[in-house]
Amino acid sequence: MNTSTNNQAGNKDYLDKAVESAEKKYGGSMGQNVQKSRGMNEKITDGARNMFEKATGKKVPDKFSN
């Protein structure tokens, strides 16, 4: 399953929502338009998922990942 395709269609998991929320709160004027930085956010969340899976040897729970 390609998470970037799903998220572009509007399916955001908890991690994507958390990054978007932090961006809105702390991003200043750049954080107000989250659609522009969606691609960068996907790279960040995908990297975080990969690090979690590599460190723990377990998949990210479905509740937190598409």
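When the range 51-66 is limited to residues that are of a type in the set (S, T, N, Q) and either closer than 25 Å to K24 by Cβ or touching a Cys at 6+ places or on another chain (Cβ under 9 Å) (or both), the one that is modelled with the highest pLDDT turns out to be S65. Taking each residue of the range 12-27 that is farther than 16 Å from K63 by Cα and exposed (fewer than 12 other Cβ atoms within 10 Å of the Cβ) and looking for partners that are modelled with pLDDT of 85 or more and not small (G, A, S) with beta-carbon atoms closer than 7 Å, six or more apart or interchain, yields nothing. Taken over the range 50-66, residues that are exposed (fewer than 14 other Cβ atoms within 10 Å of the Cβ) and either among the acidic types (D, E) or in contact (Cβ under 8 Å) with a residue 40 or more places away in the chain (or both) amount to 3. Restricting S37, S4, S21 to those that are modelled with pLDDT under 75, out of contact with any Pro (no Cβ under 6 Å at 6 or more places or on another chain) and among the hydroxyl-bearing types (S, T, Y) reduces the list to S4.
The values are calculated or read from the model by the stated rules, or taken from the named source; none is laboratory data. Given the structure is predicted, the values throughout are model-derived calculations rather than measurements. Every residue, glycine among them, receives a Cβ derived from its backbone with ideal geometry; neighbour counts consider all protein chains shown.
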